[in-house]
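Okay, structure first, notes after.
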Amino acid sequence: MGALVIRGIRNFNLENRAEREISKMKPSLAPRHPSTSNLLQEQISHYPEIKGEIARKDDKLLSFLKDVYVDSKDPVSSLQVKAAETCQEPKEFRLSKDHQFDMINMKSIPKGKISVVEALTLLNNHKLYPETWTAEKIVQEYQLEQKDVNSLLKYFVTFEVKIFPPEDKKAIQSK
């Protein structure tokens, strides 16, 4: 109920008010603080040429303003970048090695990449049988780069749990 009243007051004589605002030639000056208006009147009375200087247009400055040229370009949107990526040539894919892990629903993997399950499998195979699962065999099997496989075998290890037996009788026994 209150919204109807407020909307009626807000829209009252709207066209006439809008026409009046549009027909104004220049916006009115902001009101001055009373203390500054006294100082301005005093300065104008001492130096009357200031009033003419304020109202005068400077042709030199106006010519500088006409020489300014601004050229702007819109930045490339992310949609255009994605469209450009999709237009590239199709990548080669390979089938995944382990078919029992179908939780991810990966049908094919890009060449030069491996899944997490495959990475763990090859790391474990290399750890258990290093003479059969060499870096060269992994490169051929998974179609990877030689330097990537060497880095993978050098810097990554699978998770390993080691339980050390207590050395003395005072150790806390697990329940």
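The values are calculated or read from the model by the stated rules, or taken from the named source; none is laboratory data. Everything numeric in this text was worked out from a predicted model, so none of it was measured. Note: ideal-geometry Cβ built from the backbone for every residue, glycine included; neighbour counts use all protein chains shown. The area values use the complete protein model at the heavy-atom level, side chains included, leaving out ligands, DNA and RNA. Shrake-Rupley method; radii C 1.70, N 1.55, O 1.52, S 1.80 Å.
Assorted remarks:
- Flag for Ser63 being modelled with pLDDT of 80 or more and more than 30 Å from Asn150 (Cα to Cα): yes
- Residue match in segment 71-80 (condition: at pLDDT 80 or above and open to solvent by 100 Å² or more (accessible area, probe 1.4 Å)): yes
- Among the residues making up segment 110-132, those that are over 17 Å from Tyr155 (Cβ atoms), over 32 Å from the mean Cα position of the chain (by Cα) and not in a helix (DSSP H, G or I) are Tyr129, Glu131, Thr132.
- Neighbours by Cβ (under 7 Å, 6+ apart or cross-chain): first from segment 25-53, at pLDDT 85 or above; second open to solvent by 100 Å² or more (accessible area, probe 1.4 Å): Ile44/Lys51
- Thr86 meets all of the listed conditions (1) closer than 30 Å to Tyr155 by Cβ; (2) modelled with pLDDT under 80; (3) among the polar types (S, T, N, Q) but one, namely (1).
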